[in-house]
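Chemist: Take this structure first; my questions come after.
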Amino acid sequence: MTESDTPKPRLFISYSWSNLDHEAWVLSFAEELVGAGIEVILDKWDLQPGHDAHAFMESMVTDPKVNKVLLICDEVYARKSDARSGGAGTEAQIITPEIYAKKAQDKFVAVVRERDHDGRPYLPVYYKGRIYIDLSNASSYSTEFERLVRWAWGAPLNVRPPIGERPGFLTKEAATPKIASSLLLRRALESIRAGANGVAAVKEYFQTISRDLEVFRITMNEDNKETFDDLVISTIDEFMHYRNEAIEVFSTIANYNTSVEMLEVVHRFFERLLPYQYRPERVHSSYDVDFDNFNFIVHELFLYCIGIFIQNEQFDAANYLIENEYYFKDLANPENSMHSYLSFRNPMRILEFRNRRLKLNRLSLRADLLKERNKSTGVDFSCVMTADFVLYLRSQSSSDAWHTWWPETLLYSDRYGAAFEIFARAKSRRYFDRIKPLLNVKDKEELGVILTNVRSDRDRIPRWQFESINPGRLMGFDALGTTP
C-alpha cells in the first residue's frame, strides 16, 4: 500500500462546553486537524437536532471505524469527568471501561488545553499516568500538534530501526567512548525553541562535547600499526551519534537564534576543537596519523554547520564563522596563534594508506565517507557540497594557490548537474546582494576576476585523476544578477 492509499484516520473529539472561547478554540483546532487530512467527528458538525446525544457519544467511542478519540482537557472537562456530570461525565462513563478494557492503548489520547496554578495539567482521574499531548503552551504548540497528527496517522517521528549485525568494535578490548550529552542536548534545544535565548544552554552543551572529545583519542603503536586505519574508521563511526546531535543544534540555531552572542558560542566551540588536530603539549612524540580521526570529525562538523546556515539563508551567520579567525597556540609555530577557517580541513594520510591496503581504488575515500555518512543526517548532501564550494571560493580570493580549501565533496558535483541552489537563486540581483558578503566580493565583476584566475591556473581547480569541477557551472556565473 502506498502513502496515497493509506486510509484517512477518523477521529472523534470529546470536550466540554466550558465557555464560548473554549468552544471557538475547539472548532478552530478541529479545522486544523481536517487540514492535516484527518476526518474529524465533532458534535457541532455531526450532532443534529433530534439526535440522541448519549447514543451519538457512545457510538463514537465504541465504533471500530472511529479509530482515534481525543479528550480535550481543561478544568471544566476534568471536573465533570470525575464527577460524572454533564456531557463530559457521560462520555467519561463510556470511555473509562474502554480505556481499561482494551489491550491496545492507542485509540484514546488526552490533549491538555489548560493547567492549574501549580502548572499541573487538568486531566480526568481515569487518564492520569498516561502520556498526553500538551497544547497549553503556545511556544511548543506546533511541535505538539505535529505529534498529535503523527499519532492520528500512525506515523511516529521515531521509528524503531531494523536490528543490525554485531558491531566490529565490540571485539576490541576498549569500550566504546561515551559523552554524557543527551540531557544537555535536550535542555539546549528546548531553551532555544521556547524563545528563551538558549545561549547558556548551548554553550554548556558545546563545552561538554569539545571537552569530552578527548575520549576518542587514539595512538598508533607497533601492535596496531598495520591496521590503524580500522581504528580511525571505527572511532569516526562511534562519534556519529554526537555529530548528529550537533547537526540538530546547528539547525535549531539557524531556525531560532543567530544572534551575535549565539554565533560567538558556535565560534568558540570550533575554536576548542582545533587543538585536537595537532599534537598536544603533553605528548612529546606522535605519528601524523594519530590525529586523523579528529581531522575528519572536526572537518565534517564545520562543513555541516556552514551548510546548514547557508541552507537556512543565514548568510551572515555563515560568514561570521568564515571571516573570524580562531585562536590556537600552535606548538610548531608559536608566533602564529590566530588561524583562518582553512585550519578545519587537514589532510588525512591514513585514508590514502587504507585505500592502498584494502585495494579499494577509490578516487577519494574521504569524499566517499562524507557521502555515505550523510544518509543518517536528514540534511541533503547538496547542502554539504554547497558549503564545500563556498569555502573553496572564499579561499580563491587569495593569490596563494597552495593555501586553499580543498572541497572533498565536490568529487560528486558532476552528479548534481546544475548551479547550487543559492547561486541559482542569485540570478536575482537582490538575492545576489545577499550572498556577496558570503563570497567576499563587492560585485559580480570581482567574482568574475576570481573565476578567471581559477580557470587560468590548473593548480587552482580541484582534480581527482581525470575528474575535476567546473566552478563557473556550479555557480551559474553567467546568469548571476541578471534579473531584478
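For (1) under 18 Å from Cys383 (Cβ atoms); (2) surrounded by fewer than 21 Cβ atoms within 10 Å (Cβ to Cβ); (3) acidic (Asp, Glu), each residue gets a yes or a no:
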residue	(1), (2), (3)
Glu245	yes, yes, yes
Ile310	yes, no, no
Leu321	yes, yes, no
Glu325	no, yes, yes
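Chemist: Does the range 455-471 contain at least one residue that is assigned to a helix (DSSP H, G or I), in contact with a Lys or Arg (Cβ under 7 Å, 6 or more places away or on another chain) and surrounded by fewer than 18 Cβ atoms within 10 Å (Cβ to Cβ)?
Modeler: No, the conditions are met nowhere in the range 455-471.
Chemist: Filter the range 417-440 down to residues that are outside any helix (DSSP H, G or I) and in contact (Cβ under 8 Å) with a residue 40 or more places away in the chain and give me whichever is surrounded by the fewest Cβ atoms within 10 Å (Cβ to Cβ).
Modeler: Going through the qualifying residues, I end up with Ala418.
Chemist: Look through Asp443, Asp457 and report the one residue that is without any contact (Cβ under 8 Å) to a residue 12 or more places away in the chain and not assigned by TED's automatic domain parsing to the domain that holds Gln314.
Modeler: The match here is Asp443.
Chemist: Still on this structure, I have one more. Give, as residue ranges, the helices (runs of 4 or more DSSP H) completely inside the range 337-401 that count at least 1 residues that are in contact with a Gly (Cβ under 9 Å, 6 or more places away or on another chain), in contact (Cβ under 8 Å) with a residue 24 or more places away in the chain and within 19 Å of Phe296 (Cβ to Cβ).
Modeler: Per the criteria, 381-395.
Chemist: I've got another one for you. Kindly establish whether Trp45 is of a type outside the set (Ser, Thr, Tyr), over 17 Å from Val111 (Cβ atoms) and at pLDDT 90 or above.
Modeler: Yes, satisfied.
Chemist: Outside any helix (DSSP H, G or I) and either in contact with a Phe, Trp or Tyr (Cβ under 8 Å, 6 or more places away or on another chain) or outside the structural domain of Phe389 (by TED's automatic domain parsing) (or both): is that true of Gly481 in this structure?
Modeler: Taking the combined requirement at face value, the residue satisfies it.
Chemist: Something else about it: When the residues of the range 49-65 are filtered to those that are within 44 Å of the chain's Cα centre (by Cα) and farther than 19 Å from Leu27 by Cα, which remaining residue is modelled with the highest pLDDT?
Modeler: It comes out as Lys65.
Chemist: Being surrounded by 10 or more Cβ atoms within 10 Å (Cβ to Cβ) and either within 30 Å of the chain's Cα centre (by Cα) or modelled with pLDDT under 90 (or both) narrows it down to one of Tyr122, Tyr126, so name that one.
Modeler: Tyr126
Chemist: Looking at Val283, Val289, which one is at pLDDT below 95, surrounded by 15 or more Cβ atoms within 10 Å (Cβ to Cβ) and among the hydrophobic types (A, V, I, L, M, F, W, C)?
Modeler: Going through Val283, Val289 in turn, just one is at pLDDT below 95, surrounded by 15 or more Cβ atoms within 10 Å (Cβ to Cβ) and among the hydrophobic types (A, V, I, L, M, F, W, C): Val289.
Chemist: Same structure again: When you scan the range 267-282, how many residues do you find that are touching a residue at least 24 places away in the same chain (Cβ under 8 Å) and farther than 14 Å from Tyr205 by Cα?
Modeler: 8
Chemist: Still on this structure, I have one more. Counting residues that are at pLDDT 95 or above, which helices (runs of 4 or more DSSP H) fully inside the range 178-264 reach at least 2?
Modeler: Qualifying helices (runs of 4 or more DSSP H): 199-212, 228-238, 240-256.
The values are calculated or read from the model by the stated rules, or taken from the named source; none is laboratory data. Note that this is a predicted model, so its numbers are computed, not measured. With ideal geometry, Cβ positions are generated from the backbone for all residues, glycine too; neighbour counts draw on all protein chains shown.
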